[in-house]
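The values are calculated or read from the model by the stated rules, or taken from the named source; none is laboratory data. Keep in mind the model is a prediction, meaning the values are calculated, not measured. Cβ: placed from backbone, ideal geometry, glycine included. Neighbour counts: every protein chain shown. Side chains included, ligands, DNA and RNA excluded: accessible areas come from the protein's heavy atoms. Shrake-Rupley method; radii C 1.70, N 1.55, O 1.52, S 1.80 Å.
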Amino acid sequence: MHDYDDGDDAPTATVESQILKLRPPQRTQAEIATGEAQIVQNIKDVRYIVREYPAEVVVRKYLTGKDSDQNEIYVPDYQRDLIWPQKNQSRFIESVLIGIPIPFLFVADISEKEDPDNSGRLEIVDGVQRIRTLVEFMSGQLVLSDLERLKSLNGFTFFDLHPSRQRRFKRSTLRLIELTETVTEDVRRDMFDRINSGSVGLEAVEVRRGVEGGPFVDLTTELAKDPLLHQLAPISESQRKRFEYEELITRFFAFSDRYEQFGTGSEGKVVKDFLLSYVRDMNAQINATGSVAADMTAEWKNMLAFVAKNFPNGFIKTGRGRRVPRVRFEAISVGTNLALRDGGVISADKISHWMESDEFKKWTTSDSSNNRTNLRGRIDFVKNKLLGK
């Protein structure tokens, strides 16, 4: 006789009973051992220190030396394009003002072995938007809007707050998980991807590939395989998997054709929207005219050949900490392409000299890398230098 009386069919087992029920393994001992070994092999040795800083200190560490790319807390290249809209920024400031706990920020201590030029600096792994928002607000640039709990503060800047509230805000504590110098760049990037995983965590290039697949996207995929590109602009395996080469190629064509229009169209100053609009247009053009893709390929290859011949380090940042920041790639690739398009006499003999200049470093290290002035400035700088202007 059954120990239940709700009919002939046994009831569906509860979640609790399934969890507590012991059952024999469904895999062989060899399969289980292989799975366990793989887990052990991939366990990351992530050591960290928990620190607490007042907001004022975090902002100072972020701003001091930023223009020369020497600030203690800095934004890595793979996050420089991320920008919160004003509504999100205001909501974050509201949370700080009313004392809602703020999630941990993740930063990483850069080791001497990995990057001697940046040793001891703290790379932001997760928290770029929160730190940037604090900077915008405490400098008086952010005007609060769309506040729900503090509606009377809509339209306020930091300096509109009562002086005592300004002092208390500056003392607001931020908790940082500081990854020690033993944590490698690949692990940091993997952490960033996982922290920001999910439908809203996709890179802009991944979104474009998903919603705007077509001949232009196919073209960037093919050009991304070029060995010369890999030689001139080496990137990590994690970047490659996130379509960083395809992103760089898309920026090359979009800014070569429309950099002067950036920030003036319906997409505004949001780079991902600007690029998405360009991809849509180019998909249509290539579909309509078969020769467009061939012409674009030829222009790309001419630019790469010129860079390989005349730029001693290709697109790589000089010094012992050799990297390929997007801003540097854009300046060199697009500036070179526009100079070649101009058809004038190219002045390549002084490239090494002006690439080491403070002016070039200023254009290619600024954190506000994709405001309209900086974009045009760095591209025009390279183009004009190559044209002897």
Kirkwood hydrodynamic radius (Cα pairs, Å) of segment 239-389? 16.1
Roughly how many Å² of Trp84 are accessible to a 1.4 Å probe, to the nearest 10? 80
With a 1.4 Å probe and every protein chain left in place, tell me how much accessible area Glu56 has, in Å² to the nearest 10. 80
Using amide H atoms built 1.01 Å from N in the peptide plane, name the residues 5+ places from Ile102, or on other chains, whose amide H lies under 5 Å from its own. none
Using alpha-carbon coordinates alone, the radius of gyration and Dmax of segment 274-339 in Å work out to 14.7, 47
What full-extension length gain, to one decimal in nm, is calculated for Arg258 and Arg47 as 0.36 nm per residue of separation minus the Cα-Cα distance? 71.5 nm
If I model a spin label as a point 7 Å beyond the Cα along the Cα-Cβ vector, how far apart are those points for Glu222 and Ser164 in nm? 7.0
